[in-house]
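Asker: Okay, handing you the structure first.
The values are calculated or read from the model by the stated rules, or taken from the named source; none is laboratory data. What you see is a predicted model, and the numbers here were worked out from it, not measured in a lab. Here Cβ is always computed from backbone atoms with ideal geometry, including for glycine, and neighbour counts include all displayed protein chains.
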Amino acid sequence: MVTMKIKTLIALAVLLYIHSQSTAQPEKISWPDGAKAAICLTYDDAMETHLDIAIPDLNQYGLRGTFFLQGDNIMIDRIWEWRQASLKGHELGNHTAFHPCSEKLDFITPEFAAENYTVDRFLRELEVMNTLLFAIDGKKERTYAYTCGQTEFGGVSIIDTLRISGLFFAARGSGRGIVEDFRTLDPFNVPSGGYEGIKGSEMIGYIEKAEQAGGLGVFTFHGVGGQYISVTREAHQELLSYLSENRDKYWIAPFHEVMKHVISERKRIGRDE
Ligand SMILES: [Zn+2]
């Protein structure tokens, strides 16, 4: 009788152990070649300082970035330079044709205020922008970056609309966080950090945090060595130099490559899209 009780207790303990394993913390995703963290360098608005400074500096260090182009900032006589950037392995992403944002921002005119858009008009603008990008780089798979980090149009969230639109397979948002939990990450609103005037050492500190977390750090740049919301060329080069010297620790890749990997890793750890 006593033996039966012990056997029952052992069986219960085994069941509890199995249950605790199935509800344990999610398995961490892994990065290619044993890297400890993934880093994406992204640049918004199709700015001239990207063509003049950021891309030449990335090329010099053998690093690749993602350029979220804004259609009406693309100049006809510099289109070939964007094409060259794509041929070098940089990603060209969609950042709308006209950069609609909230009318509360002083640089937004009423005709391009998000409050005055319908979701349908917004989607058509994104579709046209995808077509323009296809004409530049010949690619059909595309990622998106929310203008001003804004995920609402006319008071309606567009995150799920983009998810089912078929236009993109991932989207970069704002939020300044390092991605640590890939089960709860929304691939259509990946946080990123962008700071005006940030120093190279501060950016390196951010990367070290991503390393400690085994996570993903996404940078959002605007002007590099000039123009608006800018970082200095020196700070940008300090970051690139550090990344280039620590390639064994960090996987530095365009946003679309990193998100493809993340999506497949999420499936592996049991988190289907
Ligand atoms: Zn922008």
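Asker: Please go through the range 134-157 and give me each residue that is surrounded by 14 or more Cβ atoms within 10 Å (Cβ to Cβ), away from the ligand (no atom under 15 Å from the Cβ) and at pLDDT 95 or above, ordered by number.
Answerer: Passing the criteria: Ile136, Asp137, Arg142.
Asker: Which residues, taken from the range 59-86, are assigned to a loop (DSSP other than H, G, I, E, B) and more than 16 Å from the ligand (Cβ to nearest atom)?
Answerer: Within the range 59-86, Gly62, Leu63, Arg64, Met75 meet the criteria.
Asker: Looking at (1) closer than 17 Å to Gly71 by Cα; (2) within 15 Å of the ligand (Cβ to nearest atom); (3) within 22 Å of the chain's Cα centre (by Cα), which one does Phe107 not meet, given that it meets all the others?
Answerer: (3)
Asker: Of the residues that sit in the range 116-132 and are away from the ligand (no atom under 15 Å from the Cβ) and touching a residue at least 40 places away in the same chain (Cβ under 8 Å), which one is nearest to His222 (Cα to Cα)?
Answerer: Filtering first and then ranking leaves Leu132.
Asker: I've got another one for you. Where residues in the range 43-53 are closer than 14 Å to Leu69 by Cα and either among the polar types (S, T, N, Q) or assigned to a helix (DSSP H, G or I) (or both), which of them is nearest to the ligand (Cβ to nearest atom)?
Answerer: His50
Asker: Quick check on my filter: what residues within the range 87-97 are away from the ligand (no atom under 11 Å from the Cβ) and in a loop (DSSP other than H, G, I, E, B)?
Answerer: Across the range 87-97, the qualifying residues are Lys88, Gly89, His90, Ala97.
Asker: Just one of the numbered conditions (1) closer than 26 Å to Ala253 by Cβ; (2) within 14 Å of the ligand (Cβ to nearest atom); (3) at pLDDT 95 or above; (4) not aromatic (Phe, Trp, Tyr) is not true of Gly166; which one?
Answerer: Condition (2) is where Gly166 drops out.
Each row is one residue, and each column tells you yes or no for (1) farther than 18 Å from Lys28 by Cβ; (2) out of contact with any Asp or Glu (no Cβ under 8 Å at 6 or more places or on another chain); (3) surrounded by fewer than 20 Cβ atoms within 10 Å (Cβ to Cβ); (4) without any contact (Cβ under 8 Å) to a residue 12 or more places away in the chain.
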site	(1), (2), (3), (4)
Val190	no, yes, no, no
Val224	yes, no, no, no
Glu245	yes, yes, yes, yes
Lys267	no, no, yes, yes
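Asker: Another question, then. Working only within the range 202-230, note down all residues that are out of contact with any helix residue (DSSP H, G or I) (no Cβ under 8 Å at 6 or more places or on another chain) and in a strand (DSSP E or B).
Answerer: Residue satisfying the conditions is Thr220 alone.
Asker: Would you mind telling me which numbered condition in (1) under 27 Å from Leu87 (Cβ atoms); (2) within 15 Å of the ligand (Cβ to nearest atom) Pro187 fails?
Answerer: The one condition Pro187 does not meet is (2).
Asker: Checking Asp248 against (1) under 13 Å from the mean Cα position of the chain (by Cα); (2) assigned to a loop (DSSP other than H, G, I, E, B), which test does it fail?
Answerer: Going through (1) under 13 Å from the mean Cα position of the chain (by Cα); (2) assigned to a loop (DSSP other than H, G, I, E, B) one by one, Asp248 breaks only (1).
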